[in-house]
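The structure appears right after this line, and notes come after that.
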Amino acid sequence: MFAHKLVLLGTTLLLLSSAVHSQSSISLKDAHFEEAPKTVETTSEKPLTSSSSSSSTSTSTSTTTTSTAAPTTSTTTTVKPSSSSTSTTTTTSTSTEPPKTTTTPAPVPTTTHAPQPYPGPKVGTWNASCILLTMAAQLNFTYETKDGKMAHGLYNIPANASIGDHVCDSQTIQTIQLSWGPTTSVQSMLMQFDNKNATTVLSTIQIHLSVLSEDFPDAKENQTLQLIHRGSDEFKTPEKMSYHCTRPQMLNLTETVDLKPEIGWLSVSSVQVEAFRGADAKGFSAVHDCDSSETSDVVPIAVGIALAALILVVLISYLCARRRSTTRGYVSF
């Protein structure tokens with residue numbers, strides 16, 4: 001009897017348990033679970049589990065993003081949970097940027113060539129019997145260019161210029177002419193010396209110069225210059241002596257006789273010249289240097305007279321003093 005009751009009780013409990021189980025299953029099927037995704041850095045979260053007598057599991061995976069400077073990799077994972085199934089979407093994006101390298105080119109050295117100076121003139125020697133000349137000469141003048149502007153030019157008198165016309169008959173004026181250049185364009189320089197009061201001076205220089213294209217490429221074509229120098233004391237030297245001067249001397253040049261306007265100059269150096277030479281003269285006579293003292297003889301004569309007068313005054317004073325001394329001696333005696 002007791003055993004029969006226990007069987008009935010167990011059967012009743014089994015039926016109740018089955019009913020409860022069925023009700024729970026129906027409720028779980030109708031239920032919907034939603035959970036917002038979570039973001040965790042460098043950690044992961046365990047999936048959430050909900051269970052009853054009959055278990056149902058919903059798993060969500062968080063979104064993890066990892067970034068580095070270069071290269072850069074980003075990973076995104078999205079999970080949409082539902083009551084009966086799990087949906088997972090994973091997107092992986094990888095970008096790699098190579099390091100940027102900027103190379104600065106090395107500076108290219110530049111070389112600037114300084115303009116070369118115009119070569120100096122060479123020393124030439126010319127002998128026209130009555131005039132013996134040695135010098136180096138360079139012209140500095142102004143000429144017109146092709147575009148109508150004015151420019152300065154340098155030109156050296158050739159050391160191998162030949163002697164053209166020369167005048168030696170006169171005892172007051174003598175000339176020597178130097179010529180050079182092609183026959184179609186002969187260029188020349190005339191020098192005139194005057195003899196005044198037993199003194200020789202250079203009175204005139206006349207230069208005929210054609211501005212050739214091979215010497216001055218930018219010069220206007222068919223241009224010829226007439227340059228004149230009027231002097232008074234240049235190369236001044238006593239008669240029967242040669243003038244000598246090593247240092248450069250500048251002689252102004254103009255286009256007209258009245259010295260206006262000045263358009264250049266003639267630079268002469270290493271000069272030694274003698275005019276009005278004798279017919280049988282050989283070489284230069286005694287030298288009169290341009291840097292020698294030009295002091296007149298009056299000065300040393302005046303100094304000598306002053307010294308003589310001083311000596312005379314001292315001597316007279318001495319004699320007067322001696323005479324007084326002698327007179328006093330006689331009086332005391």
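The values are calculated or read from the model by the stated rules, or taken from the named source; none is laboratory data. As the structure is a computational prediction, the values presented were derived from the model and not from experiment. Virtual Cβ from ideal backbone geometry, glycine too; neighbours counted across all protein chains shown. Surface areas here come from the heavy atoms of the whole protein model, side chains and all, with no ligands, DNA or RNA. Shrake-Rupley method; radii C 1.70, N 1.55, O 1.52, S 1.80 Å.
With a Förster radius of 25 Å applied to the beta-carbon distance between Arg230 and Thr142, the computed FRET efficiency rounds to 0.85.
In this simple spin-label approximation, Gln223 and Ala151 carry label points 7 Å from Cα along the Cα→Cβ vector, and these lie 0.8 nm apart. Based on alpha carbons, the Rg and Dmax found for the stretch 152-291 are 16.1, 49 Å. Accessible area per residue for the stretch 142-195 is 53 Å², calculated with a 1.4 Å probe on protein heavy atoms, without ligands, DNA or RNA. Solvent-accessible area assigned to carbon and sulfur over the stretch 114-190 amounts to 55 percent, based on a 1.4 Å probe. FRET efficiency for the pair Glu262 and Val303, taken as 1/(1 + (r/R0)^6) with r the Cβ-Cβ distance and R0 = 51 Å, rounds to 0.75. Each principal axis of the stretch 178-257 carries a Cα extent, and these read 46, 24, 23 Å when sorted largest first.
Across the protein chains, with a 1.4 Å probe defining accessible surface, the residues Val271, Val299 rank Val299, Val271 from largest area downward.
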